[in-house]
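Here's the structure, in structure tokens; my notes come after.
FYI, it's all coordinate maths here, none of it is from the lab. Just so you know, these numbers come straight off a predicted model, no measurement behind them. When we count neighbours, we look across all protein chains shown, and the Cβ atoms used for this are built from the backbone with ideal geometry, even at glycine.
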Amino acid sequence: MKTYNVGVIGAGFMAKAHSMAYAAMPMFFWPAPGIPVRYSICDVTADLAADAASRLGFTKSTDDWRTIVNDPDVDAVSICTPNDSHAEIAIAAARNGKHILCEKPLANTAAEAKAMVDAVVDNNVTNMLAFNYRHTPAVALAREIIDSGEIGTVQTFRGTYLQDWSADASTPLSWRFQSAIAGSGALGDIGTHVIDLARYLVGEINEVAANLKTYIPQRPLSNSTVDKLGAAAPGVETAPMGAVDVDDEASFAVRFADGATGSIEATRNAWGRNNFITFEIHGSAGSIYFDYEHRDELRVAYASDRADRRGFRIIQTGPQHPYGDHLWPIPALGIGYCETKIVETYEFFKAITDGTQASPNFADGLAICHIVEAIQRSHLTDGAWTHVTR
Ligand code: SOE
């Protein structure tokens, strides 16, 4: 079976998730489409990179991402760095013929994303974007149910992504609160996950009407490079403050190309909500509800049920459902974040070895950047309905 040397760029918690998935994928998906070898990892200093290599099982380490993209022995790269660096790294990697799995969002602007799409197309490399939640078996099952027509014509999509790690004003001003690095706040960081789910389950979004809100305009400056979500920095009481120039909350209505409508809300300031990704989809013949905090389960209601028996039934996902036969032998053993990354890695390697297109890919990332820009334009015009320009 062919092995592929993988370089991981960035060594934070996303690099942990990617590294784990590269190691575990062949244990779940056998015969594997290819065997990823944890070859080289990059962090901001040589010491941190060497530490990451021993922690995550890589042979080599470097403090310069160019060493990885220029290394002829590297076949594929994971880009796990903050958003503003994705374009430069991906374009260089594509030019050197590396297959690319890039963390989300693809880029901070549609212009950057377009350059990335051009680079992967021109150099014919497999490209994938790490919107992992669509690889949850219950979400893939929702797609199967919609595609089969069981809930009829989709009329409405309601999605949320609510967290609370930034609700505390003492949460330090990491890169996630700076538009020059992150592009936007909750919108790009987590709203884009729901936009991905909406496009995956319902279809393309053509128009948006949006409101963005920043609740906490200043946060304590942190001199740490560690991306700690929600943790107050030591000495936070006396730390100098820096300006937040991204949204804390994004809420927007959407109109899909096929006539369905919907709404999406994303915030990292919702006390009590941790990773509350939900969608409820109403069709002409039934409804579907998913809540990531109960991610083994899909709730489905059918209009065809006897009138006195109507209501949501709970399907516990297991071996009979998408990806399930590769995961665990009975339903409800607990599908988690790791499994979504393992499935993502499988889809990435399947696309590399089959020469097919991975999903979601850079073109999806570009489409989502266009939607994000339409949301930002709509906000500036007091929430007016705004066309997504492509
Ligand atoms: C922080 O909001 C974060 O780590 C996001 O960046 C991820 O995309 C999400 O999966 C978990 O939360």
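Of note:
- At R0 = 51 Å, FRET efficiency that the Cβ-Cβ distance of PHE276 and ASN70 yields, to 0.05: 0.75
- Dipole magnitude for segment 3-133: about 360 debye, using +1 per Lys or Arg Cβ and -1 per Asp or Glu Cβ, origin at the Cα centre.
- Taking label points 7 Å from Cα along the Cα-to-Cβ direction, ALA243 and ASP122 give a separation of 3.6 nm.
- ³J(HN,Hα) computed for each position of segment 10-26 - Karplus, 6.51 cos²θ - 1.76 cosθ + 1.60, integer Hz, glycine/proline x: x, 9, x, 5, 6, 5, 4, 5, 5, 5, 4, 5, 4, 5, 8, 3, x
- Distant-in-sequence amide contacts of GLN155, defined by a placed amide H-H separation under 5 Å and a gap of 5 or more residues or a different chain, comprise HIS282, GLY283, SER284.
- MRE, 222 nm, helices only [DSSP H, n ≥ 4, -39500 (n - 2.57), over the chain, to nearest 500]: -9000 deg cm²/dmol
- Converting phi to 3J(HN,Hα) with the Karplus coefficients 6.51, -1.76 and 1.60 and the offset θ = phi - 60°, segment 198-214 yields 5, 5, 5, 8, 10, x, 5, 9, 9, 9, 9, 9, 10, 9, 10, 9, 10 Hz in sequence order, with x at every glycine or proline.
- Packing order of peptides 359-366, 210-217, 339-346, highest average first: 339-346, 359-366, 210-217 (average count of other Cβ atoms within 10 Å over each peptide's residues).
- Rg/Rh for segment 1-132 stands at 0.95; both radii use Cα atoms, and Rh follows the Kirkwood definition.
- Over 19 Å (Cα to Cα) - which of LYS98/LYS350; LYS16/LYS60; LYS98/LYS228; LYS2/LYS98; LYS2/LYS350 fall in this group: LYS98/LYS228
- Sequence ranges 124-137, 271-284, ranked by mean other-Cβ count within 10 angstrom, highest first: 124-137, 271-284
- Counting only DSSP beta bridges with both residues in segment 3-133, the antiparallel share comes to about 0 percent.
- Assuming charge only on the beta carbon of Lys and Arg (+1) and of Asp and Glu (-1), the dipole of the chain about its Cα centre is about 440 debye to the nearest 20.
- Translational D in µm²/s for the chain (Stokes-Einstein at 10 °C, 1.306 mPa s, Kirkwood Rh from C-alpha pairs): 73
- ³J(HN,Hα) computed for each position of segment 367-384 - Karplus, 6.51 cos²θ - 1.76 cosθ + 1.60, integer Hz, glycine/proline x: 4, 6, 4, 4, 5, 4, 5, 5, 4, 5, 5, 4, 4, 6, 10, 6, x, 5
- Cα coordinate range in segment 276-374, projected on the principal axes (Å, largest first): 50, 42, 26
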